[in-house]
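**Q** The structure under discussion is supplied below as C-alpha cells; questions concerning it will follow.
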Amino acid sequence: MRRRLGVLFGVLFVLLLFGLSGCGFKDIDKRFFVVAIGIDQGKEKQYKVSLKLAIPTHRIEPGHAAFQIISQEADTISQALELLNSNVDKELDLGHSKIFIIGRNLANDEILTTTDWIFRGSDVQRIEYMALANPSAEEILEASPRSERVPADSLILSFGHEKIGSSLAVTEYLYDFYNRMFELGKDPFLPVVSKKGKSFEVNQVALFNKKELKMVIQPGQTELFSQLVRKPSNFVVSVKKDHLRYSLLIQSFTYRYQIQTPRQQPPILQMDIKVRGRIQEANQALFDKNWGEIERIAEKNIENRYKNLLESMQKHQIDPIGFGLHYMARNHYGKKEWELWQEIYSKMKFNITVDLEIESTGIIK
Amino acid sequence: MIQLEEIDRQLRELSETQDFEIQHLTNGDLSIGLYFYSSLINSKLIQERISEPFSSCHSYSEMKNILDAELFCEQVLDEKEMIPKLLEGYSLITFNDTFFSFYAPKVINDKVDYAKNEASVQGPPFALTEDSYANLNLIRRRYASSNLMVKEKEVGKKPKAKLYVMYDKHVVKETVLQELLQKIDDIQDEFIQASGQLENLLSQKKFNFVPLMLVTERPDRIVFSLSQGKIVILVNGSPFALIAPAVFYDFMSAMDDRYQTYWIGIGLVILRYISLFLTICLPAIYIAVISHNPEIFQVQFALSIAGSRAPVPYSSFVEVLFMLFLIEVLIEASIRLPKYIGSTATTVGGLILGQAAQEAGLVSSVMIIITSTVAIANFVVPINEMSFAIRLVKYPLIVFATLFGILGLISGAFCFLVYLVNLRSYGEPFFRLQFGEHASTNSKKRISG
C-alpha cells in the first residue's frame, strides 16, 4: 500500500513538473522566423543588417505575404542581431533563414570578413542560399512580387531546384560557398540578384577569387556558366547562320575534360561536350534537310561561346569550375603544385569539341 | 473400495442447492437412483439412454449390461472423482450399491459466430466459441493431422479452470513446450476466466509493456500457428486462444495478408508499420518540432502552423496531452458503451468536440489532424492486445520530446527499441519484423521434411 502511494506521488510530481516549463521552452508561435538576411555597408557603422521576418498567418493566399523588415547598423553582424532581438517582441529564429544576401558594395573588398559570421554561425542551416544584391540587400528584401504567398517565397523558389527551366539562375549554397572559399583550385561565385520594379531578377553571376569580386558574367553567358557548374538539362540554345535560325532544347548535356601538359608546348584543356536535344523553333522546315549540317552549325556556335567564357575567366585568373582541383588531384608535386598550376592555367589553351545530336525536329514534316 | 456413507454424506450436501436433482426410478422389479445438476444436464439424453432401457429391464445384470454398453457411461471407483464429474455435466446413477457416471451435458455456448475482433475480408469468417469441445472440434477439423496433440490441464484454486494445450508434436520445440507446461503447473492462485488473464499469470515479468503471447479468436490463425510449431492454449469458457511463442510480426499481421497476392500482402504489412510509427511518434514529433526544432519543417508549413497556433495560449505539450486525453476517453467510452449509444459518443466526441476545441482556441487545427491520425492509425494494428499496448507507448515519448526535443524523441524511441529487442517470448527472440519470421520456431525442419 505504501509503495503504491509512493508511485502515485511520483506520478503527481512528474505532472507538476509539466507546469514548470520555464523560459527555455519556446513554442513555434513565440518565435519570429527570419526568412532572409541582408548585409549592406552601413552609413555610420561598418554594417547594416536587415532581416526579413515572416508574420505567421492562418490563411495563406497569393499576394498576402505578410512580412516585416527590420534593420540595424552596427560594427559587427552579431552585435546588430543582438540589437535587433531587443527591438521585437518574440525570439528571432534564424533556423528558417533561407537566403543570405550581401550588398554589392561589400563585395568589392573583403568578402571573407563579411561571411565570417555566417560560416561560424551554428543557428543558420548550411543549406542556406547565398547571393549578391544589386544595388543593396535591403531593397531586394523589400521586394515582394504579387504572386507571393509566403514571405520571401519567390526569392527562395527562384533559387531552389524545384523551379524548372531556370538555366539562367545559378544558385549557390552556403556550404558550397564555404567550400570554395577555402579550397585551392576552385573559386567561389555568387548569383547576382537585381531589383526590377516590384520584383527582382537573377541573371548575372559574380565570380570571386578568394578575396574579392573579379568579374560579373552577363546574361548572355550566364547560362553557359550554369551549364558548366550545374550540368542542367532542359535549356535552350539559339543558333543563327546566314538565313537559318533555329533554337534547340537541350535535353541531355554532359562534358568531360582533360588537362594535357605536353613538353615545349602550351598546356591544353581538352573539353568534350556531348549535347542531345530537339529543335524547338526554326524559321524553315528542317526535317528533309541534312541534319548533320544543321548539327555542325550549332556545334561551331556552342564551341565559340564556351571558348569565350573560359578565356575570359582565365584572363582574370579565376577558376570556379575547378580545373585546378582536378589537376592537383591527378598530379602530385607536393607544396609546389599550386604554383605550378597557376603557371599552367595562365598559359592554357582551350580546345573544345562539341558533339551535338538532334534527336528530332519536333514535327514530322 | 467405495465408501457408501461418504457418498451419502456428499450427496446430501449437494442437494442443498435447488438445481441439484435426485430421482428414484422404479419399474416394479428394480429401482435406481439418479443424481445430477439439472442446469448442466441434457435430460432428454437421460430419458433416452437410461430411463427408457431401464423401464424394460427385469434384473440387475441386465441393467448392468445396458450401462456397461453405453458409450459415455462408466463405473465410479473413487468417491473423490464424483463431485468434479457431476460439475462437468455427468449424472450419477446408483443401483445395487454400485455407482455409474453418465455423460449427458447440456451445452448452449458452443454456437459458432462471426469473428468480431479480428474481422477478415477473405479468410474464414467464423471465430472460436466459448465451449472448448466445440473449439477443439473447429481446430482439429482444420488441422487434419495425427501429430496434433491435446493435453488437458487444470489450473487455479477451486473452482478450477480447464485448459487445453495443443501442439504439433513434430514441429514443436520441446524445450518451449516443457517450459510452458511447467509454468501452467506453477499457477496457483486465481480463478481463470479469460485468455489474457492466463497470459498475465504465465508471463515471466510482473511489469510487461507489450504482450508476449498472442490472443486470437480466429481458428485459421490458430491452425497456421500450430503448423509453425507454436503452442496453442484454449481456456474453457473463453472464446480466445493463447498462442506462444509469439513474435512482434505476429501482432502486426492479419490472416488476410496470406490470402492476398504477394505484393499486396507486403504492401499491407508496410502500411501497418507506417501506421505504427505514426501512432507512436506523431504526438511527440509535434511537440519536438513545435517547441524545440521548428527548422525541420518547410518554412511555408512552419508559418502556417505558427499561424494556427497563435490563438492557443498553452504550451504545445499541454495541448497534446489535453487532446490525447480526450481521444483516449472517447475510445474507452465507445468500447464499454452499449452499441446503440456508441455512435452518439463518437459523433459528440469526434466531430463536435474537436471542432469546438479548435474554435475555442484550446488546440490548433494541426493538432486535430494529429489526434485523429494517431487514433485511426492505432487501430490498424490487427491484434487488439498489441493495439492497446501501443496506445500507451506514445506517452513516455511525449515526455522525452517535451524535455529534449527531437534528440529526446530519438533517444526515447531508441530506448523503446532496446526494450523490445531484449524481450524473449519463451526463449525465442520477440522482436522480429517480417523478415526471417518463418524461422521463429523450427518450421524450417518442416519444409525440408
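A short reminder: the numbers here are calculations on the coordinates, not readings from a lab. As the structure is a prediction and not an experimental result, all values here were calculated from the model. Neighbour counts run over all protein chains shown; Cβ positions are idealised from the backbone, glycine included.
**Q** Return the lysines within reach of A:Lys90: Cα separation strictly under 25 angstrom, same-chain partners fewer than 8 residues apart disregarded; answer none if there are no such residues.
**A** Result set, ordered by chain and number: A:Lys26, A:Lys30, A:Lys48, A:Lys52, A:Lys98.
**Q** When Cβ neighbours within 10 Å are restricted to other protein chains, what is their mean count per residue of peptide B:282-292?
**A** Across B:282-292, the average partner-chain Cβ count within 10 Å equals 2.
**Q** With all distinct Cα pairs included, what does the Kirkwood hydrodynamic radius of the protein assembly as shown come out to in Å, to one decimal, could you say? Kindly include the intermediate steps, with their values, before the conclusion.
**A** Values: mean 1/r = 0.0287 Å⁻¹.
Evaluated over the protein assembly as shown, this radius sits at 34.8 Å.
**Q** Sticking with this one: Would you calculate a helix-derived [θ] at 222 nm for chain B, using -39,500 (n - 2.57) for each DSSP H run of n ≥ 4 and dividing by the full residue count, to the nearest 500?
**A** -15000 deg cm²/dmol
**Q** Here's another thing I want to ask about it. Between A:Glu343, A:Glu311, A:Glu138, where does the largest GNM mean-square fluctuation fall for chain A, given springs only between Cα atoms within less than 10 Å?
**A** A:Glu343
**Q** Can you give me the Rg/Rh ratio for segment A:233-365, using Cα atoms for both radii and the Kirkwood formula for Rh? Before the final figure, lay out each step's value.
**A** Working: Rg = 18.2 Å, Rh = 16.7 Å.
Computed over Cα atoms, the ratio is 1.09.
**Q** Order of A:Phe9, A:Phe177 from fewest to most other C-beta atoms within 10 Å?
**A** A:Phe9, A:Phe177
**Q** Have a look at A:Gln264, A:Gln280, A:Gln125 and tell me which one the Gaussian network model of chain A (Cα, springs below 10 Å) gives the largest fluctuation.
**A** Maximum among the listed residues: A:Gln264.
**Q** Using Cα pairs closer than 8 Å and at least 6 residues apart in sequence, work out the relative contact order for segment A:233-365, in percent.
**A** Values: 200 pairs, mean separation 44.6, N = 133.
Contact order relative to length: 34 percent.
**Q** What list do you get for A:Glu148, B:Glu152 if you sort them by fewest beta carbons within 10 Å?
**A** By the 10 Å Cβ count, ascending, the order reads B:Glu152, A:Glu148.
**Q** If R₀ is 51 angstrom, what is the calculated FRET efficiency for the pair B:Gln178 and B:Gln10, using the beta carbon separation as r and rounding to 0.05?
**A** After rounding, the FRET efficiency stands at 0.85.
**Q** Roughly speaking, what is the stretch gain from A:Glu142 to A:Lys90, that is 0.36 nm per residue apart minus the C-alpha to C-alpha distance, in nm to one decimal?
**A** Details: separation 52, 0.36 × 52 = 18.72 nm, distance 2.11 nm.
16.6 nm is the gain from fully extending A:Glu142 to A:Lys90.
**Q** Out of residues 5 or more away from B:Val76 or on other chains, whose amide H comes under 5 Å of its own, with H placed 1.01 Å from N in the peptide plane?
**A** Amide H to amide H, under 5 Å and 5 or more residues apart or across chains, B:Val76 pairs with B:Phe99, B:Phe100, B:Ser101.
**Q** Quick one: Cα centre-to-centre distance for segment B:150-203 and segment B:40-64, in angstrom?
**A** For segment B:150-203 versus segment B:40-64, the Cα centre distance is 38 Å.
**Q** Cα atoms only, segment B:4-103: Rg and Dmax in Å?
**A** Looking at segment B:4-103, its Cα Rg and Dmax stand at 12.7, 34 Å.
**Q** Using only the alpha carbon atoms of segment B:261-429, find the Kirkwood hydrodynamic radius as the inverse mean reciprocal pair distance, in angstroms to one decimal. All intermediate terms of the calculation are to be shown ahead of the outcome.
**A** Details: mean 1/r = 0.0575 Å⁻¹.
For segment B:261-429, inverting the mean 1/r across all distinct Cα pairs yields 17.4 Å.
**Q** Which of rounded, prolate or oblate describes segment B:132-246 when judged by the alpha-carbon gyration tensor and an a/c cut-off of 1.5?
**A** Prolate is the answer for segment B:132-246, as a/c is 1.5 or above and a/b outweighs b/c.
**Q** I need the calculated FRET efficiency for the pair A:Ser252 and B:Phe209, taking r as the beta carbon distance and R₀ as 56 Å, to the nearest 0.05.
**A** 0.50
**Q** Further, regarding this structure: Suppose the chain between A:Val14 and A:Glu357 were pulled fully straight at 0.36 nm per residue; how much longer would it get relative to their current alpha carbon spacing?
**A** 116.4 nm
**Q** Between the alpha-carbon centers of segment A:179-258 and segment B:333-361, tell me the distance in whole angstrom.
**A** Each part reduced to its Cα centre gives a spacing of 60 Å.
**Q** Let me ask another. Mind jotting down the three principal axis lengths of segment B:186-339 based on Cα atoms? Whole angstrom, largest first.
**A** 57, 43, 35
**Q** Stokes-Einstein D for segment B:289-345 at 10 °C, 1.306 mPa s, Kirkwood Rh over Cα pairs, in µm²/s?
**A** D = 115 µm²/s.
**Q** Another question, if that's okay. Where is the GNM fluctuation largest for chain A (alpha-carbon springs, 10 angstrom cutoff): A:Asn283, A:Asn87, A:Asn234?
**A** A:Asn283
**Q** If you don't mind, there's one more thing I want to ask. Give me the percent relative contact order of chain B, please, defined on Cα pairs under 8 angstrom at least 6 residues apart.
**A** RCO, chain B: 14 percent.
**Q** Hey, got the average number of other protein chain Cβ atoms within 10 angstrom for residues in A:28-40?
**A** That average works out to 4.
**Q** For segment B:148-204, what are the per-bin percents of Cα-Cα distances with bins 10 Å wide, up to the bin holding the maximum?
**A** Per 10 Å bin, starting at zero, the Cα-Cα P(r) for segment B:148-204 comes out as 22, 54, 22, 2 percent.
**Q** If I take R0 = 51 Å and measure r between the Cβ atoms of B:Lys158 and A:Tyr175 in this structure, what FRET efficiency does the formula 1/(1 + (r/R0)^6) give, to the nearest 0.05?
**A** 0.10
**Q** Using the per-residue mean of other Cβ atoms lying within 10 Å as a proxy for protection, in what order, highest first, do the peptides B:301-308, B:351-358, B:274-281 fall?
**A** Ranking the peptides B:301-308, B:351-358, B:274-281 by packing returns B:301-308, B:274-281, B:351-358.
**Q** Using the basic label-point model (7 angstrom from Cα toward the beta carbon), what is the B:Ile22 to B:Tyr259 distance in nanometres?
**A** 5.5 nm
**Q** I'd like the GluC sites (Glu not before Pro) in segment B:1-38 restricted to DSSP loop residues with at most 10 other Cβ atoms within 10 Å, sorted by number.
**A** B:Glu16
**Q** Please compute the contact order of chain A in relative form: average sequence separation of alpha-carbon pairs under 8 Å and at least six residues apart, divided by the residue count, as a percent.
**A** 13 percent
**Q** Also, I was wondering about something else. Taking just the C-alpha trace of chain A, give me its Rg and Dmax in Å.
**A** Reported Rg and Dmax, both Å: 26.3, 101.
**Q** Return B:Leu417, B:Leu198, B:Leu138 ranked ascending by Cβ neighbour count within 10 Å, so the fewest neighbours appear first.
**A** Lowest count first: B:Leu417, B:Leu138, B:Leu198.
**Q** For segment A:297-365 and segment B:276-325, compute the distance between their C-alpha centroids and round to whole Å.
**A** So the separation of the two Cα centres works out to 51 Å.
**Q** From the cross-link list A:Lys211/A:Lys307; B:Lys151/B:Lys173; A:Lys240/A:Lys289; A:Lys186/A:Lys211; B:Lys169/B:Lys230, which pairs have alpha carbons spaced over 18 Å apart?
**A** A:Lys211/A:Lys307
**Q** While we're here: Using only C-alpha positions, report the orientation-averaged shadow area of the convex hull of chain B, nm², one decimal.
**A** Details: hull surface 113.3 nm².
Averaged projected hull area, Cα only: 28.3 nm².
**Q** If you don't mind, there's one more thing I want to ask. Amide H to amide H under 5 Å from A:Phe235: which residues, 5+ apart in sequence or cross-chain, H placed 1.01 Å off N in plane?
**A** A:Ile250
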